[in-house]
Amino acid sequence: WESMVALGRSGLNSPLTSSAGRLFDAVAALVGVRESVNYEGQAAVELEQLADPLERGSYPARVVDGVVHGVDLVRAVELDVRGGVEASRIAGRFHNAVADVIVAACSGFREEHGVGVVALSGGVFQNLLLVARAVESLTNHGFEVLTHHRVPTNDGGISLGQAVVAAHLMQND
């Protein structure tokens, strides 16, 4: 997921990014949750806390060649903000949309490569609402879903993985 988000296209004054966190930051700013942060992930955490867990609506987003076009989500959120939709509903719809694009990207990968196992990893998967929505939907679409239990999903897990790879490479030298 972290490598599948494209935000900086279609006229937005934004560089390309591979971070889902920037998508959460953009939506948090649009709905008035937070325009600046004091720590990494703050806006995303607050957007998750705001989200209506009963909301089942979603926003459309294209997945083309494994790339999620986040601009679609941002535009849909902006339309709801302008339309006066309650921020908690928008946050809920946004989380559902992110889960939907995860399923769409994984489904495309499965069609192309025959892979039926999905590992949800990266800082965005510290978001429990997103994980619950993604796991439920992926499972309903026939995927086996792997999530973190003993190792952190964010930078701590990446560091451990790097150490394991380094140890393996050192043993084979």
Tabulated pairs, region 149-173, first closer than 12 Å to Gln126 by Cα and open to solvent by 90 Å² or more (accessible area, probe 1.4 Å), second part of a helix (DSSP H, G or I) and of a type in the set (Asp, Glu), C-beta under 7 angstrom, 6+ apart or interchain:
none
Kindly establish whether Ala28 is in contact with a Leu (Cβ under 7 Å, 6 or more places away or on another chain), modelled with pLDDT of 95 or more and either loosely packed, with under 15 Cβ neighbours inside 10 Å or of a type in the set (A, V, I, L, M) (or both).
yes
Identity of the residue in region 114-126, among the hydrophobic types (A, V, I, L, M, F, W, C) and surrounded by 19 or more Cβ atoms within 10 Å (Cβ to Cβ), that ends up farthest from the chain's Cα centre (by Cα):
Val118
Any chance you could count how many residues in region 59-81 are of a type outside the set (Asp, Glu) and either assigned to a helix (DSSP H, G or I) or farther than 17 Å from Ala20 by Cα (or both)?
9
Considering (1) modelled with pLDDT of 95 or more; (2) open to solvent by less than 50 Å² (accessible area, probe 1.4 Å); (3) β-branched (Val, Ile, Thr), say which one Val68 fails and leave the rest.
(1)
Looking only at region 71-111, count every residue that is aromatic (Phe, Trp, Tyr) and surrounded by fewer than 23 Cβ atoms within 10 Å (Cβ to Cβ) and tell me the total.
1
Members of region 127-148 that are surrounded by fewer than 17 Cβ atoms within 10 Å (Cβ to Cβ) and in contact (Cβ under 8 Å) with a residue 40 or more places away in the chain:
Leu128
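The values are calculated or read from the model by the stated rules, or taken from the named source; none is laboratory data. The structure presented is a predicted model; accordingly, all values stated were derived computationally and were not measured. Heads up, the Cβs are rebuilt from the backbone with ideal geometry, glycines too, and the neighbour counts pull from every protein chain shown. Note: accessible area is taken over every heavy atom of the protein model, side chains too, but ligands, DNA and RNA are not part of it. Shrake-Rupley method; radii C 1.70, N 1.55, O 1.52, S 1.80 Å.
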